[in-house]
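K.L.:
Sending over a structure as structure tokens; questions will come in a sec.
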Amino acid sequence: MAQLSKDQYLELYLKMERIREFDMRINKLVRRGFVQGMTHFSVGEEAASVGAMAHLTYDDIIFSNHRGHGQSIAKDMDLNRMMAELAGKVTGVSKGRGGSMHLADFEKGNYGTNGIVGGGYALATGAALTQQYNETGNIVVAFSGDGATNEGSFHESVNLAATWKLPIIFFIINNRYGISMDITKATNTPHLYTRAEAYGIPGYYVEDGNDVIAVYDKMAKVVEHVRSGEGPAIIEVESYRWFGHSTADAGKYRSKEEVDSWKKKDPLLNFRNYLAENSDLTTEELDVIHDQVVQEIDAAYEFAQNSPDPELSVAFEDVWAD
Ligand SMILES: Cc1ncc(C[n+]2csc(CCOP(=O)(O)OP(=O)(O)O)c2C)c(N)n1
Ligand SMILES: [Mg+2]
């Protein structure tokens, strides 16, 4: 296990707290009608996004999917503008036109969440080709779920990326479901990282994707490989979403025992306990972080509440490149 500095631990913890608190708040705000449109929560999967993002700079590019709050927050999206976007306000990161599945921040290398399952792979592969062509030295990470890897776009993109040795990581968060579809009914391979072999690239696996340090450690190796110019890699991390697939899903297809067993493997609580035992951080210091995050979310809510709706003309902005 990597031994990190106090600041590094704090950074990981802060981001996991942000993801957790943001989505717990959004869950309430959806019910109140403040946040509209389909929303998918990252609660339970915080460690995967945070452990992965710790190795990327703002020049490195990510593409995310429909469940992209965690990755957006891990890549430092402004919480005020993120909350405003979910509420459809003009101050949102996409001027209130996109909502949860169209969050982007190009300046920080976040090329967007995406409502089309498997829709990010080819875009990410194109972005990786740009990095290689322009010799930027930057890498691209395409985040997706397990279900998306059965889309043709996954196979086409990995194949091309492998053939051209593009600097891209296909990062799969395997939460065992694609909406209500159990993974064992959707594919005959128990693990998704083994697919890498078919394309002649390395596949990496994190069995406990709720352990942020385990993800951090494995991602260090993956990033080293891809940055060295050796070509792409696949990484699969096992995790679990605590809530239903989206706000429209009561989650009847999963047993209470199964959900509870994963809640016991709470990535945030486990990391808190780990830090209390293995770092200089005290539980009091971690409580301060928690309180700070709650204040950030309060402020984001206030910002979104006080922001205006977009004018109709905003719908026609940014359609063409200047
Ligand atoms: C092309 C396409 N097909 C189907 C859907 C409907 N849909 C939305 S999310 C989802 C399941 C995705 O599962 P997975 O990739 O495992 O991600 P998870 O939701 O588990 O994080 C489906 C089928 C869609 N949005 N786009
Ligand atoms: Mg899934």
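K.L.:
Would you mention how many residues in region 38-75 are under 13 Å from residue 105 (Cα atoms), in a helix (DSSP H, G or I) and not hydroxyl-bearing (Ser, Thr, Tyr)?
P.N.:
So the count comes out to 4.
K.L.:
Which of the strands (runs of 3 or more DSSP E) contained wholly in region 111-211 include at least 2 residues that are open to solvent by less than 20 Å² (accessible area, probe 1.4 Å) and more than 23 Å from residue 251 (Cα to Cα)? If you could, list the steps in order and put the result at the bottom.
P.N.:
Values: elements: 140-145, 168-174, 203-206.
In region 111-211, the matching strands (runs of 3 or more DSSP E) lie at 140-145, 168-174.
K.L.:
Name the pairs: first residue in region 137-148 and more than 8 Å from residue 171 (Cα to Cα), second residue surrounded by fewer than 22 Cβ atoms within 10 Å (Cβ to Cβ) and among the acidic types (Asp, Glu), Cβ to Cβ under 7 Å, at least 6 apart or on different chains?
P.N.:
138/59
K.L.:
Could you tell me whether residue 213 is more than 15 Å from ligand 2 (Cβ to nearest atom), touching a residue at least 24 places away in the same chain (Cβ under 8 Å), more than 19 Å from residue 265 (Cβ to Cβ) and among the β-branched types (Val, Ile, Thr)?
P.N.:
Numbers: more than 15 Å from ligand 2 (Cβ to nearest atom): yes; touching a residue at least 24 places away in the same chain (Cβ under 8 Å): yes; more than 19 Å from residue 265 (Cβ to Cβ): no; among the β-branched types (Val, Ile, Thr): yes.
So residue 213 fails the test.
K.L.:
Return the only residue of 49, 100 being closer than 21 Å to residue 149 by Cα and buried (at least 22 other Cβ atoms within 10 Å of the Cβ). Please lay out each step first, then the result.
P.N.:
Values: 100 fails: closer than 21 Å to residue 149 by Cα.
Answer to the selection: 49.
K.L.:
Related question: On the given criteria, is residue 91 surrounded by fewer than 22 Cβ atoms within 10 Å (Cβ to Cβ) and either in a loop (DSSP other than H, G, I, E, B) or not aliphatic (A, V, I, L, M) (or both)? Walk me through it before giving the result.
P.N.:
Working: surrounded by fewer than 22 Cβ atoms within 10 Å (Cβ to Cβ): yes; either in a loop (DSSP other than H, G, I, E, B) or not aliphatic (A, V, I, L, M) (or both): yes.
Against the criterion (surrounded by fewer than 22 Cβ atoms within 10 Å (Cβ to Cβ) and either in a loop (DSSP other than H, G, I, E, B) or not aliphatic (A, V, I, L, M) (or both)), residue 91 qualifies.
K.L.:
Tell me yes or no: at least one residue of region 33-41 is among the hydroxyl-bearing types (Ser, Thr, Tyr), in contact (Cβ under 8 Å) with a residue 12 or more places away in the chain, within 22 Å of residue 175 (Cβ to Cβ) and crowded, with 20+ Cβ neighbours inside 10 Å. Break it down into steps so the answer makes sense when it comes.
P.N.:
Our first condition is that a residue be among the hydroxyl-bearing types (Ser, Thr, Tyr); within region 33-41, this holds for 39.
Retained after the next criterion (residues that are in contact (Cβ under 8 Å) with a residue 12 or more places away in the chain): 39.
Now drop any that are not within 22 Å of residue 175 (Cβ to Cβ), which leaves 39.
This time we only want the ones that are crowded, with 20+ Cβ neighbours inside 10 Å, so: 39.
Looking through region 33-41, at least one residue is among the hydroxyl-bearing types (Ser, Thr, Tyr), in contact (Cβ under 8 Å) with a residue 12 or more places away in the chain, within 22 Å of residue 175 (Cβ to Cβ) and crowded, with 20+ Cβ neighbours inside 10 Å.
K.L.:
Same structure again: Out of (1) modelled with pLDDT of 95 or more; (2) within 16 Å of ligand 2 (Cβ to nearest atom), what's the single condition that is false for residue 208?
P.N.:
(2)
The values are calculated or read from the model by the stated rules, or taken from the named source; none is laboratory data. On a predicted model such as this, the values are computed, not experimentally measured, just so you know. So basically every Cβ, Gly included, is an ideal-geometry build from the backbone, and we count neighbours across all protein chains shown. Surface accessibility is based on the protein's heavy atoms, side chains included, excluding ligands, DNA and RNA. Shrake-Rupley method; radii C 1.70, N 1.55, O 1.52, S 1.80 Å.
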